[in-house]
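Trainee: What follows is a single structure, and I will ask about it in a moment.
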Amino acid sequence: MRNVTGSACAPADGVSAHTSRTGRVIDTHTHYFPKAFLELLGRDGASEGAEYAETQEGFFVQAAGFSNGPLSSRYWNLEERIADMDATGITMQVLSLTSPMTYWASPDLSERLSRAYNDACAEAHRQHPDRFVGLATLPLPNIDRSLREIERAKGLPGIHGVYLGTHINGRDLSDPDFLPVFQAI
């Protein structure tokens with residue numbers, strides 16, 4: 001297996017886009033903003049200072065000082081992703097969330113955003129099991145809610161790990177408070 005991070009790799013002549021002569025090509029660093037997550041962030045995150053907006057140039061996501069955009073529909077549209085994957089010889093993508101993650105939100109909203117994201121990754125895998133797997137996100141810094149989401153997400157199809165930011169509201173991952181999360185993972 002060959003890992004590709006963010007680079008394009010065209011298949012050899014006469015070889016399908018799903019399998020090259022060297023085997024499967026898996027992009028392990030592909031960020032995903034599913035529509036259900038974005039809509040929840042825009043609707044319920046507004047009262048906590050978050051924004052989701054669609055414009056002619058693309059969509060924007062903003063929360064807690066993080067701002068992404070304009071981003072194309074390829075960040076949420078699976079069919080466009082698959083077309084790009086086929087054009088560049090990528091067999092599979094490992095989907096993960098990126099900034100602003102969910103850490104900025106209240107514990108309740110952070111948990112609901114995490115659930116929406118993880119459910120959408122599982123649905124992407126259900127629709128295209130040979131093309132997508134997901135890395136769960138957690139409602140950190142709330143340890144109890146994170147443990148609950150680990151337990152729930154590990155039963156979702158296509159979830160193969162957890163993706164964490166390296167800085168959780170002023171705390172590094174080495175903070176001893178996070179030890180129960182790492183033990184559960």
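Trainee: How many of the residues making up the range 117-169 are touching a residue at least 12 places away in the same chain (Cβ under 8 Å), of a type outside the set (D, E, K, R) and over 16 Å from F182 (Cβ atoms)?
Mentor: Result for the range 117-169: 19.
Trainee: Name the single residue that is modelled with the lowest pLDDT among those in the range 63-81 being over 16 Å from A120 (Cβ atoms) and either in a helix (DSSP H, G or I) or touching a helix residue (DSSP H, G or I) at 6+ places or on another chain (Cβ under 9 Å) (or both).
Mentor: A64
Trainee: Wholly within the range 88-185, which helices (runs of 4 or more DSSP H) include no fewer than the required count, namely at least 2 residues that are touching a Gly at 6+ places or on another chain (Cβ under 8 Å) and surrounded by 18 or more Cβ atoms within 10 Å (Cβ to Cβ)?
Mentor: Helices (runs of 4 or more DSSP H) meeting the threshold: 107-127.
Trainee: Have a look at S110, S96 and point out the one that is without any contact (Cβ under 8 Å) to a residue 40 or more places away in the chain, of a type in the set (G, A, S) and closer than 26 Å to I150 by Cα.
Mentor: On inspection, the qualifying residue turns out to be S110.
Trainee: Just checking, how many residues over the range 30-77 are free of Cβ contacts under 8 Å to residues at least 12 places away in the same chain and among the aromatic types (F, W, Y)?
Mentor: 1
Trainee: Please enumerate the residues belonging to the range 82-108 that are among the small types (G, A, S) and touching a helix residue (DSSP H, G or I) at 6+ places or on another chain (Cβ under 8 Å).
Mentor: Those that are among the small types (G, A, S) and touching a helix residue (DSSP H, G or I) at 6+ places or on another chain (Cβ under 8 Å): A105, S106.
Trainee: If we keep just the residues of the range 35-62 that are among the charged types (D, E, K, R) and in a strand (DSSP E or B), which is nearest to L97 (Cα to Cα)?
Mentor: E51
Trainee: Can you tell me which of N142, N77 is of a type outside the set (D, E) and under 21 Å from G42 (Cα atoms)?
Mentor: Step by step, each of N142, N77 is checked, and only N77 is of a type outside the set (D, E) and under 21 Å from G42 (Cα atoms).
The values are calculated or read from the model by the stated rules, or taken from the named source; none is laboratory data. Model, not experiment: these values are computed from the prediction. Reconstructed Cβ throughout: ideal geometry from the backbone, glycine too, with neighbour counts over all protein chains shown.
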